[in-house]
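Working notes, beginning with the structure itself.
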Amino acid sequence: MNEQAHAPLSELVRVWFRRLLGMLGEHQVQGLYYLILNQVERVLIEEALLHSKGQLSRAARILSLHRNSLRQRMRALGLSGNRTGRKQK
């Protein structure tokens, strides 16, 4: 199995972010911090919804959030209430 599969999340983020900074060079991305946080939060919510088969209460418990807070975050991220949380086409 590859070494990254056993690396702590913080190390994976560190490696990824260093790579991103290297690619950006001197370029600045407006709101980079929040863009990254939103992407991570989106994945957490989508995976919790997938694991809970779309049950918001169960997904909220997985994430240690109140159900209303989960709904609020989903709206802010443009996520639907379907099983994956992804926008329906």
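Any read-out appearing in this document is the output of simple, stated calculations on the displayed coordinates, not a laboratory observation. A quick note: this is a predicted structure, and the numbers were derived from the prediction, not measured. Every residue, glycine as well, gets a Cβ built from its backbone with ideal geometry; the counts of neighbours run over all protein chains shown.
Relative to the longest principal axis of the C-alpha atoms of the chain, give the angle of the C-alpha long axis of helix 32-51, reported between 0 and 90° and rounded to the nearest 10°.
40 degrees
Quick one: which residues, 5+ away or cross-chain, put their amide H under 5 Å from the amide H of residue 65? H built at 1.01 Å from N.
Here nothing satisfies the definition.
Does a label point 7 Å from the Cα of residue 15, set along Cα-to-beta-carbon, have any residues of the stretch 39-74 with amide nitrogen under 19 Å, and which are they?
Counting backbone N atoms under 19 Å from the label point, the list is 40.
If R0 is 30 Å, what FRET efficiency do you get for residue 53 and residue 75 from their C-beta distance, rounded to 0.05?
With a Förster radius of 30 Å, E is 0.90.
How many percent of the alpha carbon pairs in the chain exceed a separation of 15 Å?
Cα-Cα pairs of the chain separated by over 15 Å account for 66 percent.
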